[in-house]
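Each value in this text was obtained by applying a stated rule to the coordinates, not by laboratory testing. Predicted model only: the values in this text are computed from it and were never measured. Ideal geometry is used to build each Cβ from the backbone, glycine not excepted, and the neighbour counts take in all protein chains shown.
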Amino acid sequence: MDEFFKPSRRAFLRSGAAIAAGTVAGGAAAQGTPDPKITELQDWASYTGAGVDETPYGLPIKFESDVVRRNVEWLTASPISSINFTPIHALDGTITPQGCAFERHHSGAIELSKEDYRLMINGLVDRPLIFSYADLERFPRENHVYFCECAANTGMEWAGAQLNGAQFTHGMIHNMEYTGVPLRTLLREAGLEAAGDLSDKWVYVEGADASSNGRSIPMEKALDDVLVAFKANGEALRMEHGYPVRLVVPGWEGNMWVKWLRRVEVTDMAVQSREETSKYTDVYENGIARKWTWVMDAKSVITSPSPQMPITHGAGPLVISGLAWSGHGQITRVDVSKDGGITWETARLGKQGDTKALTRFYLDTEWDGSPMLLQSRAIDETGYVQPTKDQLREMRGENAVYHNNCIQTWFVNEEGIAENVEVS
Amino acid sequence: MSKSLNLFAPAIGITALGLGLAYGLSSRQYGAQTIETLEIRVQQIEANAARASAEAQTAAEEAARLMSERDQFQQIATDAANASTSLTAPAPVVEGTYELGRAALGEELAAWDVDVLPDGRGLPEGRGDVYTGEEVFVEKCASCHGDFAEGVGNWPVLAGGFDTLADKDPVKTVGSYWPHLSTAWDYINRSMPFGEAGTLTPDETYAIVAYILYSNDLVDDDFELSHENFTEVEMYNSDGFVVDDRPELEYAQWRTEPCMANCKDTVEITMRATFLDVTPEGGGESVMNDATTGDGPVFSASDDTVATTATDETDGLDPTLIAAGEGAFRQCKSCHQVGENASNRTGPALNGMLGRTIGSVEGFRYSNVFQEANTAGEVWTPESLAAFLADPRGTMAGTKMTFRGVREEADIAALIAYLQSFED
């Protein structure tokens, strides 16, 4: 295992090693040497701290400055049409703070004020309407927690283990509490009599930015749980997530969650826009592509330990923690394996109840210090079991980009260092 | 959509008729002096009554329609909220509308409603030829997409890639992949040039699209594209898409109770992360991983603390299940033998199949797909065997086992138990 300790590897782990050293010092204190952090008067216990208003809008404390979105430059041609990743490895609970929730733009994030905002409802409606932002706030609104996952999340991993970190393999996801008006309320305001039989109708939704990202959504979904949202986690949406208004399409791929929503058109066929033909379609081994693959199937990942979250405390009590989600509804069970899928243990789920939202799971265990091949496997309310990479490849081949919901494996060695691997 | 979204079927209420009748009777009590005037009055009254009755009926119908529509939407709202365990009670649905927003004006609709449908609806009048298209393209597009639409650097390739869709890295271009020409016109018109979206005239867009078709050898150099001949252009990959078939192909297979113990014999690392440090501290290129798969440990079922090994489990098998399996094995006997003295026939002898590497019976000449699975070290598990027996050619494309598959799920479980009772 000497191969493992190439200089580059060391550089990457330096911060981890420092944390480990700190823990050791704490342990030593317990064995007899008094801890100066306790026995000596500390500055923070003597001097005063920051006054109120020092930062009118608070930011994370400086010690957490590495918990940020990260972009992998070589993945895309330009940061204007690009992606970055949520630091899921460093978060806990289920809600993603807006400030570190991944971004995906096709022509950059735009600054669109509430005053300049307009929403048009047109097409096969009785009364084509224009709403201002203020109008939207006068409709009855609801609050829901939903995950938003880019269809390309884990897409790099089709061909094999690629990127070393849960942030990079699974970070194109976030989970927020949205406040918004059900889309059906707005459609009803414009009147759907003109559309006649609704069972074969669609809505085409479009953003105000230069990419004019547009997607067709079947009417059944539009009338079901789609939200026209203007708040996330209690505050206004961030620019990068579509301020002032975005669409929330629960359980369905992130590209459909049109940001800076400016138009909803009722149509009698799918528009077949670029984002639903050239992109967000899945080519299989025989060259035939699947289209309209909207639902994000059940998936999970262990966020800690993971490559960016090595075990620094040695053998003993260990919390294995991760996230699970399904576009089909609730997560009902998550199993964790430490031996690459030979044996599975059922994990403890965090708060149950939210459908199409992230569920936190924990396996509270004892680590004996021997190597582990960590995997998690999600099961949702429909009984769907998250497939292995091999099952997915057998079914679809390796040409696909989107919808990779395979079981992820982290190899954890005796040092507690974790790495993205594939197993037999 | 099953919830009868055809909500607008008129409900002719008894109320409507009742209202009309009451109006007629009361009118008649007005009386008159002479028979003549009385007759005229009666005629007038009858006419009025008929009209009023019709009006009342329409009004009642409208009221009934609104009420039933309201109820339907309230039901959808409640269902959606309940299903999603909303954080708020469902938004109320009022009868009629909120009278919010304002009517969209013709000019506004014309400015924003510019998407083009696959059947050409939405196209403005105009035309442009390949020659003009080349000029415009070189001026406005070539800096990113190349003079011949072949792409520059990481920017999208717009031409070529024919017959690559079944390759590992399919080249998906307007020519090789896009199923509808409307998509190209619509996307270029609204979203390109990148950084100057929405500035092309209709004629320029027609010309550019003609040029892109020409770059893909789909039209000759004297071709002119216009709103008149637009729908006549045939796209190369128009038949290349199927609607999402995961429910039939995948969900059916993956909604099964997963294995918890002894799920595999051994597990080895087959691939390690390509990029070790994706975003190095000092910036710059990602750091490659130079560890090899041979460095990793091998995990095996017997190493596990689990009490039963694969063979022990055989002893615990249900005898009635094994007996049922013996019966079901009749459909296999034409090709397979099992038990003591079993030898290879059309198919290999099937002793000790569970936990055995696929395609590993000595002296049997396997198909390519079996040999590949063998080389990859894939092992027969209850799950993979069940999938194979249910659909041999679907799971192992190209297998020599020309057998349609076992129809009954119960038979599969029985067959597996039966095979499990024969050790190697």
message = Please enumerate, by chain and number, the lysines with C-alpha under 30 Å from the C-alpha of A:Lys291, excluding those fewer than 8 residues away in the same chain.
response = A:Lys201, A:Lys221, A:Lys259, A:Lys279, A:Lys299, A:Lys356, A:Lys389, B:Lys3, B:Lys168, B:Lys172
task = Could you pull out every Cys in the protein assembly as shown that lacks a partner Cys with its beta carbon under 4.7 Å away?
result = A:Cys100, A:Cys148, A:Cys150, A:Cys406, B:Cys141, B:Cys144, B:Cys332, B:Cys335
remark   = Residues meeting the amide H criterion for A:Gly314 (H placed from the backbone, H to H distance under 5 Å, 5 or more places apart or on another chain) are none
ask   = Where does the range B:305-420 land on Rg/Rh, using Cα atoms and the Kirkwood Rh?
value = 0.94
query = Want the number for B:Arg121 to B:Glu234: 0.36 nm per residue separation, take away the alpha-carbon distance, what's left?
reply = 39.0 nm
ask   = Near A:Ala232, within a Cβ-to-Cβ distance under 10 Å, what is the net charge of the other residues, with Lys and Arg +1 and Asp and Glu -1?
value = +1
remark   = Amide H proximity to B:Leu158 below 5 Å, modelled H, separation 5+ or other chain, gives B:Glu150, B:Gly151
note = Sorted by chain and number, the residues with a modelled amide H under 5 Å from that of B:Leu123, at a separation of 5 or more or across chains, are B:Leu117
Whole-Hz couplings from phi, Karplus 6.51/-1.76/1.60, listed for the range A:386-399; x for Gly and Pro = 3, x, 7, 4, 5, 4, 5, 5, 4, 6, 10, x, 10, 7
key: Residue-wise HN-Hα coupling along the range A:365-370, computed from phi with Karplus coefficients 6.51, -1.76, 1.60 (Hz; x: Gly, Pro)   = 9, 10, 9, 8, x, 8
task = For chain A, state what percent of all Cα-Cα pairs lands in each successive 10 Å bin, counting from 0 Å until the bin that includes the largest distance.
result = 4, 20, 28, 24, 14, 7, 2, 0, 0
remark   = Share (percent) of C-alpha pair distances in the range A:263-355 greater than 18 Å works out to 66
Order by protection proxy (mean Cβ within 10 Å, highest first), peptides B:362-372, A:316-326 = A:316-326, B:362-372
task = Show which aspartates and glutamates lie in cross-link reach of A:Lys62 when reach means a straight Cα distance below 20 angstrom and same-chain residues fewer than eight apart are skipped.
result = A:Asp43, A:Asp53, A:Glu54, A:Asp92, B:Glu281
ask   = Which of A:Asn404, A:Tyr384, A:Phe63 sits farthest toward the positive end of the charge dipole of chain A, with +1 on the Cβ of Lys and Arg and -1 on the Cβ of Asp and Glu?
value = A:Asn404
request  = Once you have a ≥ b ≥ c as the square roots of the Cα gyration tensor eigenvalues for the range B:90-150, tell me rounded if a/c is under 1.5, and otherwise prolate or oblate according to whether a/b is larger than b/c.
outcome  = prolate
Per-residue [θ]222 nm for chain A (sum of -39500 (n - 2.57) over DSSP H runs n ≥ 4, rounded to 500) = -4000 deg cm²/dmol
query = How large is the charge dipole for the range A:107-233, taken about the Cα centre, if only the Cβ atoms of Lys, Arg (+1) and Asp, Glu (-1) carry charge, to the nearest 20 debye?
reply = 100
request  = Quick one: dipole size for chain A, taken about the Cα centre, charges +1 on Lys/Arg Cβ and -1 on Asp/Glu Cβ, in debye to the nearest 20.
outcome  = 500
key: Spatially proximal lysines relative to B:Lys400 (Cα-Cα < 19 Å; intrachain offsets below 8 disregarded)   = B:Lys333
message = Please list 3J(HN,Hα) in residue order for the range A:154-171, calculated via the Karplus relation 6.51 cos²θ - 1.76 cosθ + 1.60 where θ = phi - 60°; whole Hz, with x for glycine and proline.
response = 6, x, 4, 8, 3, 7, x, 4, 10, 9, 9, x, 4, 4, 8, 7, 10, x
query = Which of rounded, prolate, oblate describes the range B:157-296, given a ≥ b ≥ c as roots of the alpha-carbon gyration tensor eigenvalues and a/c under 1.5 marking rounded, otherwise prolate only if a/b is larger than b/c?
reply = prolate
message = Past the 56 angstrom mark, what percentage of all C-alpha to C-alpha distances in the protein assembly as shown do you count?
response = 21
ask   = With point charges of +1 on the Cβ of Lys and Arg and -1 on the Cβ of Asp and Glu, referenced to the Cα centre of the protein assembly as shown, which listed residue (A:Gln272, B:Gln331, A:Val145) lies farthest in the positive direction of the dipole?
value = A:Val145
message = Looking at chain A as a GNM with Cα springs under 10 Å, which of A:Gly49, A:Gly160, A:Gly369 has the largest mean-square fluctuation?
response = A:Gly49
query = Ignoring the sites themselves, what is the longest stretch of chain A with no GluC sites (Glu not before Pro) in a DSSP loop and at most 11 other beta-carbon atoms within 10 Å?
reply = A:116-424
task = Give me Rg over Rh for the range A:299-421, both radii from the alpha carbons and Rh done the Kirkwood way, two decimal places.
result = 0.98
request  = Sort the range B:51-198 into rounded, prolate or oblate with this rule: let a ≥ b ≥ c be the square roots of the eigenvalues of the Cα gyration tensor; rounded if a/c is under 1.5, and if a/c is not under 1.5, prolate when a/b is larger than b/c, oblate otherwise.
outcome  = prolate
Residues B:Thr293 and A:Asp35, FRET efficiency given R0 of 35 Å [Cβ-Cβ distance, rounded to 0.05] = 0.20
request  = Could you please report the charge total around B:Cys144, scoring K, R as +1 and D, E as -1 over all other residues with beta-carbon less than 15 angstrom from its beta-carbon?
outcome  = -3
